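Visitor: Got a structure for you, questions after.
Just so it is clear, none of the values below were taken in a lab; they were calculated from the coordinates. Note that this is a predicted model, so its numbers are computed, not measured. Reconstructed Cβ throughout: ideal geometry from the backbone, glycine too, with neighbour counts over all protein chains shown.
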Amino acid sequence: MEFKTFLFYAFSAILVIAALRVVTARNPVHAALFLVLSFFSAAALWMLLKAEFLSIVLVLVYVGAVMVLFLFVVMMVDIDIGKMREGFWNHAPLAAIVGAIIVLEMAAVLFRGFLTLDTDVPAASANIGNTKELGKLIYTEYVYAFEIAAIVLLVAIVAAVALTLRRRKDVKYFSPSDAVKVKSKDRVRIVSMKAESNRTSAQQAGTPAVKQK
């Protein structure tokens, strides 16, 4: 067995074990850390397959940005784990059916790819590089799919902002537009009042005034 083949099986085993622990771990922080391990293992597999661009993107985007956000959310938000697990077995059959459908779809795609696998690499693409070849495919053959994915991500960003800025009764809300339009006279009001003396008020009350030193 070659060393490259050994590394492939080793990283594949780590990826499968880490993915199982993401689902079975009771602590959300541990599950997120196992997901980070699975991302690193998948990046190593991409590197072994000479897909350097996808490997670096997986590490930078998912591990460096998305997973850090997940960890902050899980660690800062007080999540009631017991309440979340109350309806687990009620939704388990539906989740199993959806998971089986996803596995069958991925198997069909991979099986079709193995049947149409062409080992003859064109001589022209050998001098281009993976990143440039990927860019040519995205912006020529898969340009519509790329634009649809961009629209979906834009809708997700707008929805996240809308959910964050919604008005809730238990949270103090202020309008950003009103805060921008505010002026100094709206914040400070000068009131003119008459000066009062302690001696005068004490004499009116019928008590002797206290002599101040």
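Visitor: I need the phi-derived Karplus couplings for segment 139-149: 6.51 cos²θ - 1.76 cosθ + 1.60, θ = phi - 60°, integer Hz, Gly and Pro marked x.
Guide: Residue by residue, segment 139-149 yields 8, 10, 7, 10, 5, 5, 5, 5, 5, 5, 4 Hz.
Visitor: Amide H neighbours of Ala25 under 5 Å, at least 5 residues apart or on other chains, H built in the peptide plane: list them.
Guide: none
Visitor: Exactly which trypsin sites (Lys or Arg not before Pro) in segment 1-110 are in a DSSP loop and have at most 15 other Cβ atoms within 10 Å? Each step should come with its number before you reach the end.
Guide: Values: sites: Lys4, Arg21, Arg26, Lys50, Lys83, Arg85; in loops: Arg26, Lys50, Arg85.
Listed in order of number, the matching sites are Arg26, Lys50, Arg85.
Visitor: Residue-wise, which Karplus ³J(HN,Hα) couplings in Hz belong to segment 13-30, taking 6.51 cos²θ - 1.76 cosθ + 1.60, θ = phi - 60°, and x for glycine or proline?
Guide: Those phi angles translate into 5, 4, 5, 5, 5, 5, 5, 5, 5, 4, 7, 9, 5, 7, 8, x, 5, 5 Hz.
Visitor: Need one number: nm distance between label points at Tyr142 and Trp89, each 7 Å from Cα along Cα→Cβ, rounded to one decimal.
Guide: If labels sit at Tyr142 and Trp89, their model points lie 4.3 nm apart.
Visitor: When the Kirkwood radius is taken over all Cα pairs of segment 127-166, what Stokes-Einstein diffusion coefficient follows at 20 °C and 1.002 mPa s, in µm²/s? Display every interim value, and only then the final one.
Guide: Values: Rh = 11.9 Å.
Calculated translational D: 180 µm²/s.
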